[in-house]
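Read through the structure below, which is laid out as structure tokens, and then see the notes.
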Amino acid sequence: MFRTLLLLALANLPLSASANTILIVGDSLSAAYGMPVEQGWVRLLQQRLDTDHYPYTIVNASISGDTTANALNRLPQALGRHQPAIVVLELGGNDGLRGLSTAEMKRNLAAMIQTVRQYGAEVLLIGVRLPPNYGPRYTQQFHAVYLELAKEYKLAVLPSLVDGVGTRNELMQADGIHPNSRAQPLIVTQVWQQLRPLMDAMQDQVR
């Protein structure tokens, strides 16, 4: 039933993308949880784009607490409304924290990638690492999902949004899950390393 509804939604999408919008579809890690929005990495990324004269406007469609299933449901509407050229998918953390099936998470993310591709936009996939207390088997399976999807769909990928951050207490909020404001510039640097080549390649295609 859901697949049928998704196909109907896609049929109503314009199969063309804007040249100047980047859509971020994420969870609390991208929604500036626990800090003013202007201190979050997404807002800082917009500043980096402006400083380096990249003609992109970021639309942040991230929702704290979102799972991959919820994000998949709302994705077609977000694509139709914002017409992005690039979609950044930063999801899965809430699936992992709830101990949900990694196979289901992978199916949801794959469906999102396919939806974005059919729309005509490029994808940057951002992974998440779980705390070690979830056990080595589950955490390894969880992290492998992002690398497997990147290989299968030939995606630009940042394996973990919090690499180099999550293990440093001074860069984390008291819950031990969300990076604090001091960590956000470091996150921007990591995202930029994957996003910039994607933008450059798209600009080369236009020329």
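The values are calculated or read from the model by the stated rules, or taken from the named source; none is laboratory data. Since we're looking at a predicted model, the values are computed, not measured. Glycine gets a Cβ as well: all are built from the backbone with ideal geometry, and neighbour counts include every protein chain shown.
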Quiz item: Counting only residues that are at pLDDT 95 or above, closer than 13 Å to A78 by Cα and crowded, with 19+ Cβ neighbours inside 10 Å, which one in the stretch 1-46 is farthest from the chain's Cα centre (by Cα)?
Solution: I22
Quiz item: Among E152, E90, E104, which is the only one that is modelled with pLDDT of 95 or more and either among the aliphatic types (A, V, I, L, M) or under 13 Å from the mean Cα position of the chain (by Cα) (or both)?
Solution: E90
Quiz prompt | Residues located in the stretch 33-87, provided they are among the hydroxyl-bearing types (S, T, Y) and touching a strand residue (DSSP E or B) at 6+ places or on another chain (Cβ under 8 Å) | solution = Y56, T57, S62
Self-check item: Given (1) touching a residue at least 40 places away in the same chain (Cβ under 8 Å); (2) farther than 27 Å from L49 by Cβ, number of the condition L91 does not satisfy
Solution: (2)
Quiz item: For residues in the stretch 167-186 being modelled with pLDDT of 95 or more, farther than 20 Å from L49 by Cβ and polar (S, T, N, Q), which is nearest to the chain's Cα centre (by Cα)?
Solution: N180
Quiz item: Tell me, which residue of the stretch 106-133 that is out of contact with any Leu (no Cβ under 8 Å at 6 or more places or on another chain) and farther than 24 Å from W192 by Cα is surrounded by the most Cβ atoms within 10 Å (Cβ to Cβ)?
Solution: R107
Quiz item: What do you reckon, is R129 among the charged types (D, E, K, R) and part of a loop (DSSP other than H, G, I, E, B)?
Solution: yes
Self-check item: Sole exception among (1) more than 20 Å from the chain's Cα centre (by Cα); (2) in a helix (DSSP H, G or I) for T189, by number
Solution: (1)
Quiz prompt | Search result, residues across the stretch 145-166 that are farther than 20 Å from A71 by Cβ and part of a helix (DSSP H, G or I) | solution = K151
Quiz item: In this structure, is V145 farther than 23 Å from M35 by Cα, among the hydrophobic types (A, V, I, L, M, F, W, C) and surrounded by fewer than 20 Cβ atoms within 10 Å (Cβ to Cβ)?
Solution: no
Self-check item: All positions within the stretch 165-179 that are surrounded by 17 or more Cβ atoms within 10 Å (Cβ to Cβ) and in contact with a strand residue (DSSP E or B) (Cβ under 9 Å, 6 or more places away or on another chain)
Solution: V165, G166, L171, M172, H178, P179
